[in-house]
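J.: Here it is, the structure, as structure tokens.
The values are calculated or read from the model by the stated rules, or taken from the named source; none is laboratory data. These numbers come from a predicted model, not from an experiment. Cβ coordinates were reconstructed from backbone atoms using ideal geometry, including for glycine residues, and neighbour counts include every protein chain displayed.
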Amino acid sequence: MISPLDILTSDLLRYPLIIAVLIGLTAPVVGTYLVQKRLSLLGDGLGHVALTGVAVGWLVGAWTTATPADLLAIPGALAASVIGALAIEYVREVSHTSRDVALAIMFYGGIAGGVVIIQLAGGTSQNLMGYLFGSLSTVTAPDLLIALVLAVVVLVIGIGLSSLLAAVTGDEEFARASGLPVRTVNILIAVMAALTVTLSMRIVGALMVSALMIVPVAAAQQLVVGFTRTMRTAMVIAVVCALGGLLITVYVDLPPGGVIVLATIAVYIVALLVRTVLGTRSRTGTAPTEPDAETRTRQERSAETAHEVAAARPHTGWQR
């Protein structure tokens, strides 16, 4: 039986727990902006592209006889996901291809490229399973260092520039008319999503990370009103679910990514039930002329976004 002391003293368990906390902090930050922009599937697309980067890292490692064979897998995933994020923004701006079509191309191309290239590297599709669904046994000290760096970058940008990012994602056309750097913000959000995918691959898995970006935010929206409160509540939910799901897999042989995602979905269902019950009580005791909870939520979010736009507007020196 593994004791709490074993979890804290064993690198095999301590490293994943630290990364789980980092994922819980960063994924909802990015997810809040993606939900605002109605780009919930961007994380999925980048996760698939990251698999191609993993396979390319294996191939380069095979060519250079690197030890272990997947030494360059995470750097490869980082490069591929960032390039994919930039590519989708470029396609959206300069061509007539919609984001949905671009994401679909990334889905299929990422999986196909990963499977083909990993074969060229002398491996099999089985080698990608740990990156697809997460694995505790593959986490190393270099992975923790990379995760720390990526988490700091995402949190500094996502929280430090929250007023600007929220203003643009809340109403892109109004932000463009106000002289805010819409293109730069869109690229920043896409790159943050790419960094989060890379950060999360070892624990949650490339196919699951998008859920950790989106589901805690959706759950938080059922409980609180306002952009900032939604982000903070989603971060708490994600950290608790990431740690709880990971601890479950320490004692039960289950894939960590699946358990973590199921935990977030369970929280969402509970939050939805709580909102339904409270909303029913509120409607029974409220005069017909008063706006319902959903209307008030939209009004308060619009007011908050307008306030953030006004706060960012004096920076007229920014260029698109």
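J.: G134 fails exactly one of the following numbered conditions: (1) within 22 Å of M208 (Cα to Cα); (2) of a type outside the set (A, V, I, L, M, F, W, C); (3) at pLDDT 80 or above. What is the number of that condition?
T.: Exception for G134: condition (3).
J.: Please count how many residues of segment 225-243 are free of Cβ contacts under 8 Å to residues at least 60 places away in the same chain and either over 15 Å from V30 (Cβ atoms) or of a type in the set (A, V, I, L, M, F, W, C) (or both).
T.: So the count comes out to 3.
J.: May I pose another question? Here are A266, A234, A242: which of them is touching a Pro at 6+ places or on another chain (Cβ under 8 Å), closer than 23 Å to G205 by Cα and at pLDDT 90 or above?
T.: A234
J.: Counting only residues that are among the hydrophobic types (A, V, I, L, M, F, W, C) and not in a helix (DSSP H, G or I), which one in segment 16-44 is farthest from N186 (Cα to Cα)?
T.: L41
J.: When you look at L246, is it under 24 Å from V139 (Cβ atoms), hydrophobic (A, V, I, L, M, F, W, C) and crowded, with 19+ Cβ neighbours inside 10 Å, yes or no?
T.: Yes, satisfied.
J.: Restricting to segment 194-227, and then to whatever is at pLDDT 90 or above and not aliphatic (A, V, I, L, M), can you tell me which residue is nearest to Y108 (Cα to Cα)?
T.: The extreme case among them is T196.
J.: Examine segment 186-207 for a residue that is within 12 Å of the chain's Cα centre (by Cα), part of a helix (DSSP H, G or I) and surrounded by fewer than 21 Cβ atoms within 10 Å (Cβ to Cβ), and state whether such a residue exists.
T.: Checking segment 186-207: at least one residue is within 12 Å of the chain's Cα centre (by Cα), part of a helix (DSSP H, G or I) and surrounded by fewer than 21 Cβ atoms within 10 Å (Cβ to Cβ).
J.: Take D171 and decide whether it is of a type in the set (D, E) and either over 19 Å from S40 (Cα atoms) or under 18 Å from the mean Cα position of the chain (by Cα) (or both).
T.: Against the criterion (of a type in the set (D, E) and either over 19 Å from S40 (Cα atoms) or under 18 Å from the mean Cα position of the chain (by Cα) (or both)), D171 does not qualify.
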